[in-house]
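Engineer: Here's a structure for you.
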Amino acid sequence: MTMVITGLGTVSPAGTGTDAYWAALVEGRTLLTPIPDVGARGYPVRLGGRVPGFDPYEHIEGRYVVRTDAFSWFAMVASDEALRDSGVDVAADPYATGVLICSGSGGNEFGQRELAALWGRGPEFVGPYQSIAWFYAASTGQVSISNGLKGMCGVLTTDEPGMLDALGQSRQALRRGTPAMLVGGSDAALGSPFALATQLGSGVLSEGGDPGTAYAPFTEGACGFVPAEGAAVALVEDAATARARRARVRAVVAGHASTFGGVGAFDPGGEGLLRAAEEAMRRAGVGPEGVDVVFADAVGLPKADADEVAALRRLFPDGVAVTAPKAGFGRAYAGAGALDVAAAVLSLEHQVVPPTPHVPDAPLGLDLVTRVARPARLRSALVLSRGVGGGNSALVLQHPDHV
Amino acid sequence: MAESRITIEEQVELISACAGIRTDVETASSQTFDELGVDSLGVLGIVAEIERRTGLKLGADAEQAPSPAALMALVNGDVPAHMEGA
């Protein structure tokens, strides 16, 4: 079976829709903004990659808005775009489409509001939708309910690599009788103090206030990353299914692998990341010469960056183009790996490598694409992602003409 | 008891605030919660808000009310229910 992406949707700090996302990526636009409502409470984090001007009622039926947190709104809007883009006729067979949307820490903003009501005013002031809105599976559930999708559904919570792992899992779902899967990751960590508080203890967030330097991976000034919010969702199916319904194939999901590198902020030493990348490439049937661009994890912490560079040198002794467009908008937890997957699909499609914003020069002997986008012949892209706690995932995507 | 009564206009407002569904007096008067698209958790939220506004304890009967009209009848004492002043 060859798994292909035939639909794509994003909600990002560039706004809603993949067109807006790609336009910002190619420009290397800075999308980090102050988060004053959180900073005013004495939090050390000052910048965030927020989805600008997002009014859920513009995109989602009211009855779904009141029962969901922002992380589900983003998932629902990205899923709608992916479904539309795919052209799948959901109503023709509700059991033919499933949902697997990854979550980072659930519905924090909704949860904080209801918990404040509980402790501040009493149990009778807690809305009943708290029972479902905070939950990790809420996004998958509401995407399923609002679109009437009755295929295999699930949720993965593997921090940032979530969508990469969900794509790996979807292969099984396709084999087991759900011919199309909506797969993605979504998070909204900036909406409330509680959401951000859950992240502070990890010690990986940048305290910088200058959008130009706060998140500058692979540089000497690297001081952590800026948190962001957003979602990306892809519709995947077997190539034969896509062909039969004359769908446009946007990318081939050629290989996935994940490893666990041991407890720690990030896989210490990068061995686990290296192993995941090697295995994903093996499964995709590509060697180092077959990979044309790497979407790096680019945590923005000196040790984690050095580990990744070492892994890249081992994987690609002759060098490879590397980029980290998320330096422009931050890391959106479960949305981070997902937005990188979307960036890789768009990059293959446009045959352009978007630049790494805020990194003026390629450091550490890396062929990092900086300053301006680079047109290139792109057959395959490798996406790397690490999660807090030691998870590592790698995904190989290919241009449909080069499989 | 006047302040413990609710009107259909209030229900229209509560259906919007608690369940996110816009409706009007005529529709809310004649349709069931199900037909309006209000799920069981939505009804729960509406009942809780009515309890706060009126000071009444409506109990499980109210949560099972099939329609805004039935719920209104229950709250306004047109149907016997387990009501206690709060």
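Any read-out appearing in this document is the output of simple, stated calculations on the displayed coordinates, not a laboratory observation. Please read all numbers here as calculations on a predicted model, not as lab measurements. Virtual Cβ from ideal backbone geometry, glycine too; neighbours counted across all protein chains shown.
Engineer: For an R0 of 22 angstrom, estimate the FRET efficiency from the Cβ-Cβ distance between B:Thr7 and A:Ser131 and round to the nearest 0.05.
Structural biologist: 0.15
Engineer: Right, something else. Among the trypsin sites (Lys or Arg not before Pro) within region A:13-99, which fall in a DSSP loop and have no more than 10 other Cβ atoms within 10 Å of their own Cβ?
Structural biologist: A:Arg41
Engineer: Sort chain B into rounded, prolate or oblate with this rule: let a ≥ b ≥ c be the square roots of the eigenvalues of the Cα gyration tensor; rounded if a/c is under 1.5, and if a/c is not under 1.5, prolate when a/b is larger than b/c, oblate otherwise.
Structural biologist: prolate
Engineer: Given R₀ = 22 Å, what would the calculated FRET efficiency be for B:Asp61 paired with B:Ser40, taking r from the Cβ atoms and rounding to 0.05? Don't skip to the end; give the middle numbers.
Structural biologist: Numbers: r = 14 Å, r/R0 = 0.64.
FRET efficiency, B:Asp61 to B:Ser40: 0.95.
Engineer: With chain A treated as a Gaussian network of Cα nodes joined by springs under 10 Å, which of A:Gly270, A:Gly53, A:Gly212 yields the largest mean-square fluctuation?
Structural biologist: A:Gly53
Engineer: What do you get for trypsin sites (Lys or Arg not before Pro) in region A:120-215 restricted to DSSP loop and a cutoff of at most 14 other Cβ within 10 Å of the site's Cβ? Write down the numbers at each step before the final one.
Structural biologist: On the way: sites: A:Arg121, A:Lys150, A:Arg171, A:Arg175, A:Arg176; in loops: A:Arg121, A:Lys150, A:Arg176.
Hits after loop and neighbour filter: A:Arg121, A:Arg176.
Engineer: Take the Cα pairs of region A:283-403, get the Kirkwood Rh, then feed it into Stokes-Einstein at 10 °C and 1.306 mPa s and tell me D in µm²/s. Kindly include the intermediate steps, with their values, before the conclusion.
Structural biologist: Details: Rh = 14.4 Å.
D, rounded to a whole number, is 111 µm²/s.
Engineer: State the Cα centre-to-centre distance between region A:21-92 and region B:1-64 in whole Å.
Structural biologist: So the two Cα centres are separated by 31 Å.
Engineer: Now a separate question. Hey, rough spin-label estimate for A:Glu61 and B:Thr32, points 7 angstrom out along Cα→Cβ, what's it come to in nanometres?
Structural biologist: 1.7
Engineer: Which of the aspartates and glutamates could a cross-linker span from A:Lys303 if the Cα-Cα distance has to be under 15 Å and same-chain partners fewer than 8 positions apart are dropped?
Structural biologist: Leaving aside aspartates and glutamates fewer than 8 places away in the same chain, those within reach of A:Lys303 are A:Glu220, A:Asp267, A:Glu271.
Engineer: Which of the listed residues, A:Leu196, A:Gly151, A:Ala228, is farthest toward the dipole's positive end in chain A, when Lys, Arg count +1 and Asp, Glu count -1 at the beta-carbon?
Structural biologist: A:Gly151
Engineer: Which one of B:Val43, B:Val12, B:Val25 has the biggest mean-square fluctuation once chain B is modelled by GNM with Cα springs under 10 Å?
Structural biologist: Greatest mean-square fluctuation among the candidates belongs to B:Val25.
Engineer: Can you compute the helix-only [θ] at 222 nm over chain A? Use -39500 (n - 2.57) per DSSP H run of at least 4 residues, normalise by all residues, nearest 500 deg cm²/dmol.
Structural biologist: Rounded to the nearest 500, it is -10000 deg cm²/dmol.
Engineer: Just how large is the dipole of chain A about the Cα centre, in debye to the nearest 20, putting +1 at every Lys and Arg Cβ and -1 at every Asp and Glu Cβ?
Structural biologist: 620
Engineer: How long is the gain from A:Arg176 to A:Arg371 if the chain were fully straight, where each residue apart is worth 0.36 nm and the alpha carbon distance is subtracted?
Structural biologist: Full extension of this stretch gives 65.7 nm more.
Engineer: Right, here's the next one. Calculate, in nm to one decimal, what A:Val263 and A:Gln351 gain on full extension: separation in residues at 0.36 nm each, minus their alpha carbon distance. Provide the component values of the computation, followed by the final result.
Structural biologist: Values: separation 88, 0.36 × 88 = 31.68 nm, distance 3.77 nm.
Difference between extended and current length: 27.9 nm.
Engineer: Where both residues lie in region A:3-244, what percent of DSSP beta bridges are antiparallel, nearest 5?
Structural biologist: That works out to approximately 65 percent antiparallel.
Engineer: While we're looking at this one, here's another question. Which trypsin sites (Lys or Arg not before Pro) in region A:202-294 pass both tests, a DSSP loop state and at most 11 other beta-carbon atoms within 10 Å?
Structural biologist: Answer by residue number: A:Arg246.
Engineer: If each residue's Cβ is checked for other Cβ atoms within 10 Å, how do A:Cys223, B:Cys18 rank with the fewest at the top?
Structural biologist: Sorted ascending by nearby Cβ count, the order is A:Cys223, B:Cys18.
Engineer: Under a 5 Å amide H to amide H cut-off, with H placed in plane at 1.01 Å, what residues pair with A:Gly255 once short-range neighbours are removed?
Structural biologist: Hits under the 5 Å cutoff: A:Val396.
Engineer: Ok, one more. What whole number of Å gives the distance from the Cα centroid of region A:203-269 to the Cα centroid of region A:137-152?
Structural biologist: 23
Engineer: Return the distance in nm (one decimal) between the two label points of a simple spin-label model at A:Glu27 and A:Ala197, each offset 7 Å from Cα along Cα→Cβ.
Structural biologist: Taking the simple label geometry, A:Glu27 and A:Ala197 are separated by 3.7 nm.
Engineer: Just the projected area, averaged over all directions, of the convex hull on the alpha carbon atoms of the protein assembly as shown: how many nm²?
Structural biologist: 23.5
Engineer: So if we plug the beta-carbon distance of A:Gln169 and A:Tyr95 into 1/(1 + (r/R0)^6) with R0 = 22 Å, what FRET efficiency do we get, rounded to 0.05?
Structural biologist: It comes to 0.75.
Engineer: Cut-off is 10 Å between beta-carbons; in what order do A:Met152, A:Met163, A:Met1, A:Met281 appear when sorted fewest neighbours first?
Structural biologist: With the sparsest Cβ surroundings first, the list reads A:Met1, A:Met152, A:Met281, A:Met163.
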